[in-house]
Amino acid sequence: MIEQRRILTTAIPGPKSQELQQRKLASVSTGVSTGLPIYVEAGAGGILRDVDGNQLIDFGSGIAVTTVGNGNQRVIDAVSKQIADFTHTCFMVTPYEEYVQVCEELDKRTPGDHEKRSALFNSGAEAVENAVKVARHFTGKDGIVAFDHAYHGRTNLTLAMTAKNMPYKHKFGPFASELYRVPMAYPYRWPGGPEHCEAEAFNYITDQIHAQIGEENTAAVIIEPIQGEGGFIVPPPGFLPALAQWCRDKGILFIADEVQSGFCRSGDWFAVDHEQVVPDIVVTAKGIAGGMPLSGITGRADIMDTIHPGGLGGTYGGNPVACAAALASIETMEEDDLCGRAKAIEAILYERLGRIAEKYEQVGEVRGRGAMIAMELVTDRESKEPAAALTGAINKACHERGLVTLTCGTLGNVFRFLPPLTIGDDLLHEGMDILEEAFSVAAG
């Protein structure tokens, strides 16, 4: 077990990591970049240890994947047992109980008490793509509506729904058709001000769908209840329930992309639970399986069961080892009350980030829920001009001091904090101390 404390034995990155980085540059496509080129050899809880013996505090969780922490004993035991039993058969050839068990858990835990069905895949993008397939098949309509600042994946179809050009979409088109984008209810940057965002955004968005596509041509509206890569944008209270109800009234499916926000990350099992929104389809991945590649879609039984046999699937989808990890992760979330832990992390992060905001004019807004908190940086609060260069400088200073941090945002000016839910309070506070020091160095 790795001791849960930060240790710096070399500069970051150290000589062994630098050597591995040179090997990476000589063998891996330049299209695969790394934000912090330290090469990890072990991880546990809230600590990552690199090949030089440095131990860094993890505020990224592999982008919200290791929710239950690296080195989780339940996951280790479940994966070890499953590997010893068998590693693969392909569920479509000879099935196994673990796949069924994960689908049962998804059917039980996703919002709503209606009858549901699930299907398993490998990545968030693959699950999103299959959710679109299901929506189009069920409704007989083509139009799919996504939002500004959205991120849904890197496949051709999901890139068409993703709102950020660099580095995701640049020169990779043409993209799939019949995919439309409308403004996001983004309170901090809504032209009429945060107090008008909910009503104005809802009216504008639904008017745009009516005018540009037509409800009769719209299969689904897909939204991240808390946007991830786009900047951890939280829509104003009331917006999601109103949008979901409008979709029901118009015969349009409401798809919640919970890839980053699901599985206790927001302080609820799913981010839509915060306002008791019940989607027609829920997309899951990332935190579902303790670091193993797994994703799923869960929807109303009448929707999911219209798909013809063989219409959904994939060779590796619902791999038994990944399913075993998911079952152990879900057990950990339940038994260790990780929803409650996410709320405790939220309280610490809001208090510490609030202190930074009081000190520095460049903090435009602190937002988010649970262990999914963001800090948007601006040159000044009056203009709200994005401070992307400052964000990058603070991020670099955090890395040099042994804190793994992530940035995001369409405008490149948002810090996102995604610690494992198993991280200790002492590491959270130490990480915030490092952030404050990095802020003072970069901001002057």
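The values are calculated or read from the model by the stated rules, or taken from the named source; none is laboratory data. Because the structure is predicted, anything quoted here is derived from the model rather than measured. Reconstructed Cβ throughout: ideal geometry from the backbone, glycine too, with neighbour counts over all protein chains shown.
Odds and ends about this structure:
- Filter result (more than 26 Å from THR139 (Cα to Cα), among the charged types (D, E, K, R) and surrounded by 24 or more Cβ atoms within 10 Å (Cβ to Cβ)) within region 262-291: ARG265, LYS286
- Residue that is nearest to HIS308 (Cα to Cα), among those in region 64-97 that are among the hydrophobic types (A, V, I, L, M, F, W, C) and crowded, with 18+ Cβ neighbours inside 10 Å: PHE91
- Residue count for region 195-232, restricted to those that are part of a helix (DSSP H, G or I), modelled with pLDDT of 95 or more and aliphatic (A, V, I, L, M): 4.
- Residues of region 302-334 that are within 23 Å of ALA135 (Cβ to Cβ) and either touching a strand residue (DSSP E or B) at 6+ places or on another chain (Cβ under 8 Å) or not in a loop (DSSP other than H, G, I, E, B) (or both): ASP302, ILE303, MET304, ASP305, LEU312, GLY313, GLY314, GLY317, GLY318.
- Per the listing GLU129, GLU115, the residue uniquely surrounded by fewer than 23 Cβ atoms within 10 Å (Cβ to Cβ), within 21 Å of ALA64 (Cα to Cα) and touching a residue at least 24 places away in the same chain (Cβ under 8 Å) is GLU129.
- Residues of region 8-37 satisfying the condition of being surrounded by 11 or more Cβ atoms within 10 Å (Cβ to Cβ) and in contact (Cβ under 8 Å) with a residue 60 or more places away in the chain: LEU8, ALA11, ILE12, GLY35, LEU36
- Any hit, region 96-117, residues being of a type in the set (Gly, Ala, Ser) and either in contact with a Gly (Cβ under 9 Å, 6 or more places away or on another chain) or at pLDDT below 95 (or both): no
- Subset tally (residues that are closer than 15 Å to TRP246 by Cβ and either more than 26 Å from the chain's Cα centre (by Cα) or not charged (D, E, K, R) (or both)) for region 172-210: 14
- Long-range neighbours under 8 Å by Cβ, at least six apart or interchain, first residue not assigned by TED's automatic domain parsing to the domain that holds ALA135 within region 170-181, second assigned to a loop (DSSP other than H, G, I, E, B) and at pLDDT 95 or above: none
- Qualifying positions in region 166-188 - surrounded by 19 or more Cβ atoms within 10 Å (Cβ to Cβ) and part of a helix (DSSP H, G or I): PRO187
- Some residue of region 130-142 being more than 28 Å from ARG341 (Cβ to Cβ), in a loop (DSSP other than H, G, I, E, B) and among the hydroxyl-bearing types (Ser, Thr, Tyr): no
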